[in-house]
Amino acid sequence: MNGVRVMVVDDHPMWREGVARDLAEAGHEVVASCGEGRQAVRVVAAARPDVVVLDLQLPDISGVEVIHGLRTAHPGVRVLMLSASGEQQGVLDAVKAGATGYLLKSAGLAEFLEAVRRTAAGDPVFTPGLAGLVLGEYRRLTAGGGDQAAAGARDAAPRLTDRETEVLRLVAKGMSYRQIAERLGLSHRTVQNHVQNTLGKLQLHNRVELTRYAIERGLDD
């Protein structure tokens, strides 16, 4: 596996240094380390990380504001929240702002390193229990059905091939590219291509949005 370019943003120096050391020892490249959100937003375009490991609580601006700033300055970046708090609203706000995943600081080292790898690959990654919270919120938001314009837009959505729909259904179940490839007897690259084609057809930007789209259509059952 090629190393992932990672930026670590946390206001506790010992924690930040420990995370950076664990990443480096695992073969990843720590391209920047910041203690404040505004600093992270300033340097992200030059550092060009694949993944930003971001604490939700920072001393200057909120983690949600940092996510918006990071994605504006460096649109291709993926954000993995690493927080001591699993408070419901904080998790949902981070995901709505564009975070790819959310991991509690109580996670073990192997779980954290796997989360970084999966985040770099575009997989939504959540501490067990939080994934159900996020998917439940998406279901709640889409259950009202009061927005006729949105309903019309859904009805007019581009048609997907049977294979693209099959892959989308497995994405909605939270399966990784590797797991989908094994399930369908396809190569990892072929699964990636199906996902990218589907994102393009639906004018979506990432797997979190794709998962929400699938849930709206009941494809996660």
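Structure values in brief
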item: Residue among G27, G18 that alone is closer than 19 Å to A110 by Cα, part of a loop (DSSP other than H, G, I, E, B) and over 17 Å from the mean Cα position of the chain (by Cα); result: G27
item: From the options G69, G76, G37, residue that is open to solvent by less than 50 Å² (accessible area, probe 1.4 Å), under 26 Å from L204 (Cβ atoms) and within 19 Å of the chain's Cα centre (by Cα); result: G69
item: Number of the condition not met by L58 [criteria: (1) surrounded by fewer than 20 Cβ atoms within 10 Å (Cβ to Cβ); (2) in a loop (DSSP other than H, G, I, E, B)]; result: (1)
item: Matching option when the condition is within 25 Å of I61 (Cα to Cα) and either modelled with pLDDT of 75 or more or open to solvent by 30 Å² or more (accessible area, probe 1.4 Å) (or both), among T165, T100, T142; result: T100
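The values are calculated or read from the model by the stated rules, or taken from the named source; none is laboratory data. Keep in mind that this is a model prediction, so the values were computed, not measured. Don't worry about glycine lacking a Cβ; one is built from the backbone with ideal geometry, like all the others, and counts go over all protein chains shown. Side chains are part of the model used for accessible areas, which takes the heavy atoms of the whole protein and leaves out ligands, DNA and RNA. Shrake-Rupley method; radii C 1.70, N 1.55, O 1.52, S 1.80 Å.
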